[in-house]
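J.: One structure follows; several queries about it will come next.
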Amino acid sequence: MVRDIHKFLSLQRLCCIFIVLRFKRGNWFNPVPIFFSGLRKPKGKTERIACRKCTHDQRSVMQLGLLLIVAISLSAIMFFAWALERKTGKSGWIDAVWSFSVGVGSVIAVLLVGALWQRRSAILLLILMWSLRLGLHITQRSMRHGEDPRYAKLIKEWGANASKRLFWFLQIQALAAFILVLAVYFAAISRPDFPHFWDAIAVAVIAIALTGEALSDAQLAQFRKTPEAKTEVCETGLWAYSRHPNYFFEWLFWCAWPLMAITTSPWSWLSLLAPIQMYWLLVHVSGIPPLEEHMLKSRGEKFRALQHRVNAFFPGPRKNSHGSGAST
């Protein structure tokens, strides 16, 4: 494990040297080799055509370099989350750091693209509202409880290999964060004007998603303050129509970004990976399955009855408690 960590840190040092070299030349995030900067201006039609192709190629390399810097930054932030958990023994901080990492990665990606300031400002405002709200909410929760039962279970199952496996598990989370940042990046470069028709639709979806998620978290926090929270399950407000309304609105938030990102460019369709990934993680991997397993152990038949009455993910009408089973 120590050898793997040293390799990781060596990669970080190389990237830092690269960035410093770009900074010294006054050309910060241009990954094009330094010797390109001394090329003379083109003369004649043939040279101008060749130059346009060269400029296009350089721009593509610059974009790849920018995304590489974002990926390395996310990897470094999740390395910090790993070190923080190892130092404190509290896994509750991991999701908070991850939420902030998506915000940081998005800021890097959006500030360094060539979009107009109106579009960049709007994109930054939307993603930072999400990142700061969710990150601060999880931070407050972690200060009260400290441990996340999902991570605690994994660490216990991993046993002696917990440190190494957690390290690589969080690097996978860095990759998941990169996919989300990619959607934000494509939304920033999709078109020069703002707001476009689809931008307006996306902003409306984001407003609904942020409001719904914040309301869900507030309703659950209020329920946890009551004496019934120790033995009962939450069925107040939005929680009466979905067992995980906060997860649903989290997914809905990321559904908005392809609306702003998709254009005639085939690469822009990669933005669809954000809501697809978020749905898969929340419904099938790290969201609902481990949390409901924990709730069944702590609440037993009361939570099992809730599974028959209320949809797991998509909000919907309540069902008879004697139904055949839980639904998504």
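J.: Going by how many other beta carbons lie within 10 Å of each one, how would you line up TRP82, TRP251, fewest first?
T.: TRP82, TRP251
J.: Along the Cα→Cβ direction, 7 angstrom out, place labels at PHE197 and THR226. What is the inter-label distance in nm?
T.: Once both label points are built, they end up 4.6 nm from each other.
J.: What spacing in nm lies between the two simple spin-label points modelled at ALA204 and GLU293, each 7 Å away from Cα in the Cβ direction?
T.: Result for the modelled spin labels: 4.1 nm.
J.: Order these by the 10 Å Cβ neighbour count, fewest first: ASP193, ASP199.
T.: Ranked by crowding around the Cβ, least crowded first: ASP193, ASP199.
J.: So, one more: Under a Cβ-Cβ cut-off of 12 Å, what is the net charge of the residues other than ASN311 that fall near it, where Lys and Arg count +1 and Asp and Glu count -1?
T.: +4
J.: Provide the net charge surrounding PHE249, with neighbours chosen by a C-beta distance below 10 Å and charges set as Lys +1, Arg +1, Asp -1, Glu -1.
T.: With Lys, Arg at +1 and Asp, Glu at -1, the neighbours total -3.
J.: Now a separate question. Contact order normalised by length for segment 120-243, with contacts defined as Cα pairs under 8 Å and 6 or more residues apart; what percent is it?
T.: The normalised contact order for segment 120-243 reaches 22 percent.
J.: Here's something else I'd like to know. Along Cα→Cβ, 7 Å out, is where each label goes; now give me the distance between the ones at LEU68 and LYS319 in nm to one decimal.
T.: Modelled inter-label distance: 5.1 nm.
J.: So, one more: Taking the Cβ of LEU125 as the center, what net charge do the other residues with Cβ under 13 Å away carry, scoring Lys and Arg +1 and Asp and Glu -1?
T.: Counting the neighbours of LEU125, the net charge comes to +2.
Taken together, the values in this text are just the output of simple stated rules run on the coordinates, not laboratory data. For clarity, every value in this text was computed on a predicted model and none was experimentally measured. Positions of Cβ are generated from backbone atoms using ideal geometry, with glycine treated the same way; all protein chains shown enter the neighbour counts.
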